[in-house]
Structure formats: structure tokens, C-alpha cells
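Just so it is clear, none of the values below were taken in a lab; they were calculated from the coordinates. Everything quoted here is computed from the prediction, not taken from an experiment. Methodologically, a virtual Cβ is constructed for each residue, glycine included, from the backbone with ideal geometry; neighbour enumeration extends over all protein chains shown.
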Ligand SMILES: O=P(O)(O)OC[C@H]1O[C@@H](O)[C@H](O)[C@@H](O)[C@@H]1O
């Protein structure tokens with residue numbers, strides 16, 4: 001399961017002083033993160049190297065949504081067998097994308113799309129949803145889901161790679 005990769009990436013961004021291991025199933029690598037700056041530099045190096053190998057006359061090819069979708073298709077049923085448990089269920093969400101539905105004893109509920117690890121909904125016990133996605137958000141497993149609580153990594157906003165980084169395209 002690759003979801004923890006996105007979560008760990010965010011955790012490393014939130015805890016820059018912590019040393020932690022970050023695994024990426026997509027790149028089959030494990031990094032020991034000692035600090036955020038060196039991790040970001042490492043990520044940039046990895047992408048620079050791979051993009052230079054694929055560079056054209058137009059310059060380096062940075063990873064984009066359409067290139068991040070080469071994962072094996074796994075059914076909701078199989079995902080439930082792997083990670084489902086009391087209060088944690090995988091359901092088919094918008095665009096047939098799998099989402100985790102978390103239910104607490106206290107009556108609150110959250111939904112997390114595995115694509116990008118995007119938290120799209122958090123309902124408090126009275127049923128009121130405190131999060132929202134953009135009304136025109138696309139759920140096609142290629143374009144990042146706009147809204148909710150996304151994983152923007154390794155950058156926020158525009159920069160060397162696509163807006164808000166590549167983590168929003170990871171599954
Ligand atoms: O449309 P995206 O890629 O999901 O980005 C979400 C938002 O990200 C913000 O950083 C931008 O200022 C907004 O303009 C944008 O709508």
C-alpha cells in the first residue's frame with residue numbers, strides 16, 4: 001500500500017527536525033530523512049537525474065499527473081481485505097476512486113482518497129461536514145483532487161515541478 005508514503009511525506013514536512021524513514025513505492029527507494037532541507041534537496045536531485053535522462057530539446061521533463069498513474073489496479077474488495085478493520089473501510093468514491101472511510105465511536109467521520117492521500121471530508125457528530133472540495137474538482141486518478149486537505153509535497157504552489165508538487169498524484 002502506498003498511502004503511507006504520502007502521509008509520511010507530509011509527516012516529514014510537519015516535523016522537520018525529526019529523523020524518519022520515508023519510503024516511496026513508486027521509486028522503490030527509502031530515504032532516511034534527517035532534516036527537511038536535505039530531504040528536499042535529495043528529492044530534487046532524484047527528479048533532476050531522472051528528468052535529465054528523459055530531457056528533450058525543450059528541457060527537462062518534470063513528473064506530471066499523467067506520468068504518475070502507472071500503478072496496478074487493485075479492487076476495493078482487495079483493499080478492504082488488506083486494510084479494512086473496525087471503523088476503517090474502503091469504499092468506491094467519486095470517479096470510482098477508492099477512498100478510506102473512517103468512523104469514530106463518537107460519531108465523527110472522515111473520508112480520505114487514496115489518490116494523493118487527500119482528506120476530502122470530515123464530518124462532526126451532528127453530520128456537518130467541515131471540509132469541502134472544489135465544486136469543479138476532477139476525480140479521474142490523474143489530475144490532483146482540488147480541495148480538502150491535500151498533500152502538497154515537496155513544494156507548495158508553483159515551482160520547479162508541477163503546482164503543489166507530485167505527492168497529490170501518488171497512490
Ligand atoms: O487547483 P489546484 O492545483 O488544486 O490548486 C489549489 C489552489 O492552490 C493555491 O495555492 C492557489 O493559490 C489557488 O489558486 C489554487 O486554486
Using label points projected 7 Å from each Cα along Cα→Cβ, tell me how many nm separate residue 89 and residue 103, to one decimal. 0.5
Debye intensity ratio in log₁₀ form over the Cα atoms of segment 76-170, taken at each q of 0.22 Å⁻¹: -1.12
Fully extended contour minus Cα-Cα distance, from residue 146 to residue 132, at 0.36 nm per residue: 4.1 nm
For 171, 76, which order do you get if you count the other beta carbons within 10 Å of each Cβ and list the fewest first? 76, 171
